[in-house]
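Notes to accompany the following structure.
Each reported figure results from applying straightforward, stated rules to the coordinates on display, with no laboratory input. Because the structure is a prediction, the values reported are computed rather than measured. Heads up, the Cβs are rebuilt from the backbone with ideal geometry, glycines too, and the neighbour counts pull from every protein chain shown.
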Amino acid sequence: MKNKIFKIVKRSVAFLLAFFLIFVGYVIVSVHYWSITDEGRLPPKTAVILYAVNNNIVTSDMQPPRFLTQPRPATIAREDLLIPVSEGEIPVRVYYPKREGPNPVILYYHGGAFLEGYGNIETHDNIIRALSARTQSVVIAVGYRVAPQYVFPTAVEDSYAALLWAHEHAKNYNGDSERIAVAGDSAGGNLATAVALMSRDFDGPELAAQALLYPLTTFQDIPLQSRIIYDSGYYLLARSVMYRARELYTPEEEMWLSPYTSPLNAKNLEDLPPTLIITAEFDPLKDEGEQYGERLARSGVPVKHLHYKGVMHGFISFYEVMQIGEHGLRQTTTYLKDVFEGEVAVDPDLEKEIVYRPKGKEGVREHIEAYAIAAFLIIQDLLN
């Protein structure tokens, strides 16, 4: 009897082990397959994230696996409110430190192609919250109005109005109206630098810095190889979306010529604040971000340009599950903290650095996490 039970247990263990090994092999082969693209080989973590997003395995409201995330900070408070703008009101979300000030102020403009349904304060809440906690700053996320209902210059004017409001009301949140920076990603990066230009042009608040994460910098038809190479949409931004944004947000061609839509082509980029620009390798906006940094530097603006290899457009939004996204967020917060503390050089210069994917222990961890997430996604897909 004992021998019979032992044989059953042994066979069961062998079966489970074989099933486990087959599943592991399937995960490894799947990640390898996902990493192969016409534009180049993707690192495992990037490949897994892109596969999940493009196949709708994850959604915008799905939380990452708990073992990959950290507890939310309890050092900041939040307030949602409406502020007045031309012909109406717009929502803003304010995160502010639970400590006495005065604390620096950051205006954050979310990405989303200037279009309804592509991005809002909620989709970028993780970045906004992290910026406030890590820099111990008042962060004001701006819900500017978007196309097709509102065309240019509404979004820009809303964004600038939010800056003026922040400058006037910073003290209500223990904020320092003399230390204000603007930041944004993608379309929000475009708005952030447009606000910096407007503040210069209209004698607005003097800005301490601008942090532009993979920004769109031109609406004009100029040769940009990255827009052609990475135009499919697989890397989270399609050329078709950019054309639609231009058609709906700037329906008149003369709008493309404005420095507040196409800062890359602006005649005058002098007297803008110290600038951080982050670009990604697999991103249609890579070239224009790089060129904008070069133009700013030639105009006498101190520029730090970080170019990240092996990642896609919007990678910092995935900082909770991508170490390189965490690195990008950490660099952004460090830059802003240094600016607020007066530790960033004001000499006109272009400091460029290429950031490669993690190696050593961090690289091993990134690989293990990639395959763990892939296994999680495959199981989720099977269960659904």
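Relative contact order of the stretch 70-360, taken over Cα pairs closer than 8 Å and 6 or more residues apart, is 16 percent.
Whole-Hz Karplus values for the stretch 225-231 come out as 4, 5, 5, 7, 5, 10, 8 Hz, taken residue by residue from phi with 6.51 cos²θ - 1.76 cosθ + 1.60 and θ = phi - 60°; glycine and proline positions read x. Going toward the positive end of the dipole of the stretch 70-360, with +1 on Lys and Arg Cβ and -1 on Asp and Glu Cβ, which of LEU248, LEU131, LEU207 do you reach last? Towards the positive end, the residue furthest out is LEU131.
Of the GluC sites (Glu not before Pro) found in the stretch 249-322, those that fall in a DSSP loop while having at most 10 other beta-carbon atoms within 10 Å are GLU252. The string of couplings for the stretch 85-98 from the Karplus curve (6.51, -1.76, 1.60, θ = phi - 60°) is 9, 4, 6, x, 9, 10, x, 9, 10, 10, 9, 9, x, 8 Hz, one whole number per residue in order, with x for Gly and Pro. Among the trypsin sites (Lys or Arg not before Pro) within the stretch 289-380, those in coil by DSSP and having at most 12 neighbouring Cβ atoms inside 10 Å are LYS359.
Rounded to the nearest 0.05, what FRET efficiency do GLU89 and LEU257 have when you use their Cβ-Cβ distance and R0 = 30 Å? Here the calculated transfer efficiency is 0.50.
Looking at this model, which pairs from LYS286/LYS359; LYS171/LYS309; LYS171/LYS286; LYS98/LYS359; LYS171/LYS352; LYS10/LYS361 are more than 29 angstrom apart at the alpha-carbon? Going by Cα-Cα distance, LYS171/LYS309; LYS171/LYS286; LYS98/LYS359; LYS171/LYS352; LYS10/LYS361 fall outside the 29 Å limit. Which residue, PRO223, PRO104, PRO44, tops the fluctuation ranking in a GNM of the chain built on C-alpha contacts under 10 Å? Largest GNM mean-square fluctuation: PRO223. By the combined test of axial Cα extent (at least 30 Å) and Kyte-Doolittle hydropathy (mean at least 1.0), the qualifying DSSP H helices of the chain come to 2-34. Counting beta carbons within 10 Å around each of ARG41, ARG200 and listing the fewest first gives the order ARG41, ARG200. Distances between placed amide hydrogens fall under 5 Å for LYS352 paired with HIS305, all partners being 5 or more residues away or on another chain. Per-residue ellipticity at 222 nm, computed for the chain from helices alone with -39500 (n - 2.57) per DSSP H run of at least four residues, works out to -13500 deg cm²/dmol. Consider the candidate values (1) 134, 49, 48; (2) 77, 73, 37; (3) 91, 50, 41; state which one is Cα extents along the principal axes in Å computed from the structure displayed. Matching the structure shown: (3). Here the Karplus relation 6.51 cos²θ - 1.76 cosθ + 1.60, evaluated at θ = phi - 60°, turns the backbone of the stretch 178-185 into coupling constants of 8, 10, 10, 10, 10, 8, x, 10 Hz, with x for every Gly and Pro. Just want the answer: with Cβ charges of +1 for Lys and Arg and -1 for Asp and Glu, which residue in TYR335, GLN380, MET322 is farthest toward the dipole's positive end in the chain? Of the options given, the answer is GLN380.
Remark on THR37: its backbone amide H falls under 5 Å from those of LEU42, a criterion applied only to residues 5 or more positions apart or on other chains, H modelled at 1.01 Å from N.
Overall, the stretch 70-360 carries a charge dipole of about 960 debye about its Cα centre when +1 sits on the Cβ of Lys and Arg and -1 on the Cβ of Asp and Glu, all other atoms neutral.
Peptides 203-213, 14-24, 186-196 ordered by packing proxy, namely the average of other Cβ atoms within 10 Å per residue, highest first: 186-196, 203-213, 14-24.
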